[in-house]
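A quick write-up on the structure given underneath.
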C-alpha cells in the first residue's frame, strides 16, 4: 500500500520538520540581528543628519552675522571717508584763504613801499627843484631858511 516514494516523502517531511526548528531559529536570529543592525544604522543616520542640520544652521547664523558686520564696517568706512573728505576740503579752503591773505598782505606792503619810494622821490625832486630855484634868486641866509621850511612842510604833508 505505501510505496517507496511515500516513505521517502515522509522521511523528507520528518527531516524538514526536525531541521526547520533549529534552522528557522538561526535564520530568524540572523534576520533579527540584521534588522537591529539596520535600525542602529538608521538611528546613526538620523543623528548625523540632525548634527549636520545643527551645523548648517550655525554656519548660516555665522554667515548672517558676518554679513551684518561687513555692512556695518562698510557703513563706518563710508562715514569715515566722508568725514575725511569734508576735513580735507575745509583744510584746503583754509589754506587757500591763508594764501589769499598772504598775497593781499604782500600786495599791500608792495603798494606801501612803492608809495614810500614815490614820496621819497617826490621829496628829493621837490627839494632839488627848490634849491635850484632859490639858489639862483635868493641870497645864502634866506635860501637856507626857506629850504628848512620846505623840508619841514614836506614832512608834515607826506604823513
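The values are calculated or read from the model by the stated rules, or taken from the named source; none is laboratory data. The model shown is predicted, which means the values in this text are computed figures rather than measured ones. Cβ coordinates were reconstructed from backbone atoms using ideal geometry, including for glycine residues, and neighbour counts include every protein chain displayed.
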Q: Look through 38, 14, 27 and report the one residue that is at pLDDT below 95, in a helix (DSSP H, G or I), within 60 Å of the chain's Cα centre (by Cα) and at negative phi.
A: 38
Q. Across the range 127-150, which residue is modelled with the lowest pLDDT among those that are surrounded by 14 or more Cβ atoms within 10 Å (Cβ to Cβ) and assigned to a helix (DSSP H, G or I)?
A. 134
Q | From the options 93, 117, residue that is part of a helix (DSSP H, G or I) and either modelled with pLDDT of 95 or more or more than 45 Å from the chain's Cα centre (by Cα) (or both) | A | 117
